[in-house]
Structure formats: C-alpha cells, structure tokens
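The values are calculated or read from the model by the stated rules, or taken from the named source; none is laboratory data. Remember, it's a predicted structure, so these values are computed and weren't measured experimentally. Don't worry about glycine lacking a Cβ; one is built from the backbone with ideal geometry, like all the others, and counts go over all protein chains shown.
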Amino acid sequence: MTLLEKATSGERLTPEEAVKLYDLPLFEIASAADSVRRLRTNSEVVSYLIDRNINYSNVCNVGCAFCGFYRTRKQDDAYTLSFEQISGKIYELEAVGGTRILMQGGVNPYLPFTWYLDLMKHLKTHHPTIRVEAFSPEEIKGMSKLTGMSTLEVLKELQQAGLDGLPGGGGEMLVDEIRHAKHISPARISTLDWLRIMGEAQSLSLYTTATMVIGFGETPAQRIESMKGIRDLQDESLAKYGNGFSAFISWTLQTKGVRIDGKVPGASPHAYLQNLGVSRIFLDNIPNFQASWPTMGHKIAQTALFFGANDYGSTMLEENVVSQAGAKNRNTSEREMIRQIVDAGFEPMQRDSLYNLIRKPDVEMVLANKPEIDFASLPAVG
C-alpha cells in the first residue's frame with residue numbers, strides 16, 4: 001500500500017510518512033487531498049462566512065519582523081479604536097447580514113484589562129446577534145502579564161464578559177527554532193504557550209481555529225512538526241472536552257515592505273497548494289480547511305478547493321494586517337465569493353462561524369445584482 005493509498009483509505013500517517021509527501025508530484029497530492037476532503041465533508045458544497053475583521057489597536061510590544069501592522073505608542077499613526085468606532089464597523093456588518101467579528105490587535109501594554117472586559121460587555125449589549133471571536137494566544141498572554149492572572153483565568157473572565165471564541169492568530173510556524181530566530185520574531189509567544197492557551201480555550205468550549213504560515217525557510221520536516229503539535233492537541237481536546245479546532249487555515253508569508261523582506265525565501269503558490277494538500281491528508285482530525293484568498297488571490301483560492309479546502313473563508317470587509325505586508329486582497333463581497341465558488345464547480349452555502357450551514361443563496365439572483373456596498377471603498381481604520 002502506498003502512502004497516498006493509506007491516507008485515502010482513512011489510515012493515519014506518521015510524521016515521517018507525511019514528510020515524504022512533499023516529494024510526490026503536485027497532481028498526486030491534489031488527487032489524494034481532494035479524495036480525503038470528499039470523504040470528510042459534503043463533496044459538492046463550499047461554504048463561506050459573512051463577517052468583518054476589526055483591528056482594535058496597532059500598538060504592540062512584540063515587534064515581529066514580518067509584521068507591517070504594528071506601531072509603538074509614540075508613532076504618529078498608532079491608534080486604538082473607541083468602542084463607538086468599533087460599533088460603527090459592526091453596524092456596517094449587520095447591514096449586509098453578517099454574523100461574526102474577528103477582532104485582533106497588537107499586544108498593547110497600555111490598555112488595562114478592564115478595557116477588554118468593558119469592550120466585550122459593550123459589544124454584547126449593542127450587538128447581541130454578532131459572535132465575538134477575538135484576540136490571540138499572544139494577546140491573552142499579554143493580558144496575563146499585565147494582570148498577574150493565569151491565562152486560563154483571563155480567558156474565563158473574557159468569556160463571562162462575552163467572548164465567544166479565540167482565533168488561531170500567532171501560530172505561523174509552531175517550531176521555536178523558526179519562530180524565535182533573531183530575524184523573525186524572537187519575542188514571539190513560544191510553541192508550548194500557544195498550544196497550551198489554545199487548549200485552555202478549548203476546555204472552556206470556546207471556538208478555536210489553527211493557523212500556519214509557510215515561507216520562513218522552514219524544512220518539510222518542520223512544517224510537519226508544526227502540524228503535529230496541532231494534531232496532538234486536537235486529539236487531546238476532542239477526547240477530554242469534545243471541542244477542538246473547527247478549521248485549519250494556512251497561507252504564505254507576506255514580506256513586501258517589512259523588515260524580514262530579503263531575509264527569508266517566502267513561498268510560491270505551488271508551495272502553498274502542496275502544503276495545503278499535505279495538511280488535509282495529515283491533519284485527519286480537523287474537519288474544515290479554508291482557502292486563503294486574501295494572500296493568494298481568487299484564482300489560487302479556487303484551485304485550493306481541489307487541494308483539500310472545503311471553505312472559501314469570509315468576506316472580511318476590512319483587513320489591515322497581512323495587507324500591510326503586501327497582500328493585495330483586503331476584502332471581497334458575498335457576490336464575488338459566490339461567483340468564485342460557482343465558477344469552480346461547487347455549490348455555495350453561507351455558514352456561521354461554527355461551520356453550520358445556515359443559508360443557500362439564490363445564486364442566479366445574487367450574480368445578477370451588484371452589491372449595495374462598495375467594500376473596496378471602506379476605510380482601513382476608524
């Protein structure tokens with residue numbers, strides 16, 4: 001039995017076997033990943049989400065070399081949004097039928113913990129139908145340092161105030177040899193801490209996702225090592241809590257205009273598709289895989305639907321982090337997402353952030369009408 005036959009039959013691959021997948025022709029990876037995807041999800045449906053990214057502050061004391069978003073407090077363009085500005089962005093989301101905000105910022109040591117708690121309460125009071133999935137393990141660790149509380153206690157208080165989920169930001173490459181390299185992010189949260197905090201969130205039944213960024217100069221073995229940490233935690237959390245990562249989202253490192261430019265090789269669309277296919281095969285306990293149109297563009301995202309992805313991501317409405325490092329696609333409309341999914345030969349279905357399918361759009365009507373809001377005209381920040 002070949003490796004791909006083993007994978008498509010439902011057997012789990014060892015890390016050593018998974019590394020060998022990178023030596024196979026791309027079309028063989030695509031075929032196997034697509035077969036696995038069709039076994040584990042509805043083979044005809046590609047889901048999407050109507051949501052908005054909100055970056056509440058760009059002040060950060062971590063200073064990753066691949067980030068063009070962060071600022072020190074003294075820089076002229078440093079900002080922290082007011083509760084009213086954040087609400088204004090959510091009103092725009094509600095107007096187009098959105099169901100979730102994905103809210104993250106820098107690790108801002110000048111915001112007291114009560115600010116975050118008050119923000120959660122404000123959002124739940126003024127926007128009760130919107131799920132608030134916010135922060136990252138890095139931000140949770142920063143709040144822990146600020147308060148002297150454990151990260152679990154921080155999560156419990158945020159959840160009580162209204163937090164619904166902890167997205168997987170800051171995962172990138174879960175190999176400390178890579179993430180803590182001097183030219184990358186020496187002050188970044190460690191792999192063990194990232195996994196521990198995500199596990200704590202899962203123990204509280206918070207929604208979580210796993211992420212991965214390739215292009216730092218990592219080896220195939222290091223990519224698999226990063227995935228293995230995620231797979232092991234997923235096994236543990238599903239067994240203990242019945243709750244784990246809802247999805248896996250990967251993309252390529254964006255380096256334009258940031259300090260890491262020229263110091264790492266980056267990754268090609270070929271490498272992105274290859275890694276996506278390998279991850280779908282190796283991460284056999286995560287149901288949903290998302291195509292990354294913001295970093296890869298729509299054509300590669302369409303192709304990703306044949307490399308194991310079953311979800312097209314979200315409208316976002318506004319994106320300020322990867323776009324600051326060169327990603328050209330900051331937002332898209334529901335109409336455009338539907339068009340891309342249909343053109344790839346799949347049936348589009350709107351989902352909620354828990355990956356429940358909630359609406360089948362009228363494709364003919366949607367494609368015949370132009371969107372009411374010009375998303376490209378929305379401002380970058382409040």
Can you find even one residue in segment 99-118 that is within 30 Å of M173 (Cα to Cα), among the aromatic types (F, W, Y) and part of a helix (DSSP H, G or I)?
-> yes
Checking K299 against (1) touching a residue at least 60 places away in the same chain (Cβ under 8 Å); (2) over 18 Å from D23 (Cα atoms); (3) basic (K, R), which test does it fail?
-> (1)
Looking at L4, L81, which is the one that is buried (at least 19 other Cβ atoms within 10 Å of the Cβ), in contact (Cβ under 8 Å) with a residue 24 or more places away in the chain and closer than 25 Å to V258 by Cα?
-> L81
Search result, residues across segment 132-152 that are out of contact with any helix residue (DSSP H, G or I) (no Cβ under 8 Å at 6 or more places or on another chain) and more than 25 Å from M316 (Cα to Cα) | G142, K145, G148
What are the residues in segment 31-61 that are surrounded by fewer than 21 Cβ atoms within 10 Å (Cβ to Cβ) and in a helix (DSSP H, G or I), if any?
-> S31, D34, S35, R38, L39, R40
May I ask you to say which residue of D232, D261 is at pLDDT below 95, out of contact with any strand residue (DSSP E or B) (no Cβ under 8 Å at 6 or more places or on another chain) and of a type in the set (D, E)?
-> D261
Report the residue count in segment 162-196 for those that are closer than 17 Å to F216 by Cα, assigned to a helix (DSSP H, G or I) and among the charged types (D, E, K, R).
-> 3
Out of K156, K74, K124, K141, which single residue is of a type in the set (K, R), in a helix (DSSP H, G or I) and free of Cβ contacts under 8 Å to residues at least 40 places away in the same chain?
-> K124
